[in-house]
Amino acid sequence: MRPQDIVILLKIIAKKDSSWMMKDLAYELQISAGEVSESLARSAYCGLLGPDKRRIMKSNLLDFLRYGLKYVFPTHPGALTRGMPTAISAPPLNALISAGEQFVWPYEKGTIRGSAILPLIPTLPYACSEDPEFYELAALTDALRIGKARESTLAYSELEKRMK
């Protein structure tokens, strides 16, 4: 697994039932079509995508996000920087949790200052600025990567709702 595998799966989920093409995912995430193709193959091999490489195995993905993500792709808050809110500082968790500390992906067009969280892929803030539903999924995923028990439980519950 690579970090872009998770990002690509989340992007597919954000598209809901609309059809998608690999070249569209590549363009929207600003990664190469080859990376998308290889990622879909890895995800199918791992059981996160069906053999057709089109259908997401949602319960498998939710299990991986809940129990494995923070161990495979860990992150820790870094220095204060300007960026795009993530984890508990971004929707929908910022409406559910009142926290003093802000978490951000470093991003030149960012709106707040907070502790830097490295995004799963460098282009994630840009891709999220173009797609609010994808942004929520990515921010919830970051809450699982860095959150304490309460935040992780809320993030998982919100992810479950959005993946149905």
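For the chain, the convex hull spanned by the alpha carbon atoms encloses 103 Å³ per residue. Annotation for the range 129-147 versus the range 1-61: alpha-carbon center distance of 16 Å.
In what sequence do D63, D52 fall when counting other Cβ within 10 Å, fewest first? It would help to have the intermediate numbers written out before the result.
Values: D63 13, D52 7.
Fewest to most other Cβ atoms nearby, the residues stand as D52, D63.
Evaluating 6.51 cos²θ - 1.76 cosθ + 1.60 at θ = phi - 60° for every residue in the range 86-95, the Karplus couplings come out as 9, 6, 6, 8, 10, x, x, 5, 5, 7 Hz, glycine and proline recorded as x. Label separation (V72 vs D17): 2.9 nm, computed from points 7 Å beyond Cα along the C-beta direction.
Per residue, the average separation of C-alpha pairs within less than 8 Å and at least 6 apart gives the range 1-70 a relative contact order of 25 percent. Electrostatic tally near E35: other residues with Cβ closer than 15 Å to its Cβ, Lys and Arg +1, Asp and Glu -1, net +1.
Excluding K15 itself, what net charge comes from residues whose Cβ is under 10 Å from its Cβ, given Lys and Arg +1 and Asp and Glu -1? Before the final figure, lay out the partial values.
Details: positive: K11, K16; negative: D17, D24, E28, D131, E133.
Neighbourhood net charge equals -3.
Rounded to the nearest 10 degrees, the inclination of helix 132-146 to the longest alpha-carbon principal axis of the chain is 70 degrees.
Listed by chain and number, the aspartates and glutamates whose alpha-carbon sits under 12 Å from that of K53, ignoring those within fewer than 8 places in the same chain, are E38.
Summary of packing: across the peptides 96-107, 77-88, the per-residue average of other C-beta atoms within 10 Å ranks them, highest first, as 77-88, 96-107.
Neighbour counts of C-beta atoms inside 10 Å place F134, F64 in the sequence F64, F134, starting with the fewest.
The numbers here are math on the coordinates, done by the rules we state, and not lab data. Please read these numbers as outputs of a predicted model, since none were measured by experiment. Here the Cβ is made from the backbone with ideal geometry for all residues, glycine too, and neighbour counts use every protein chain on show.
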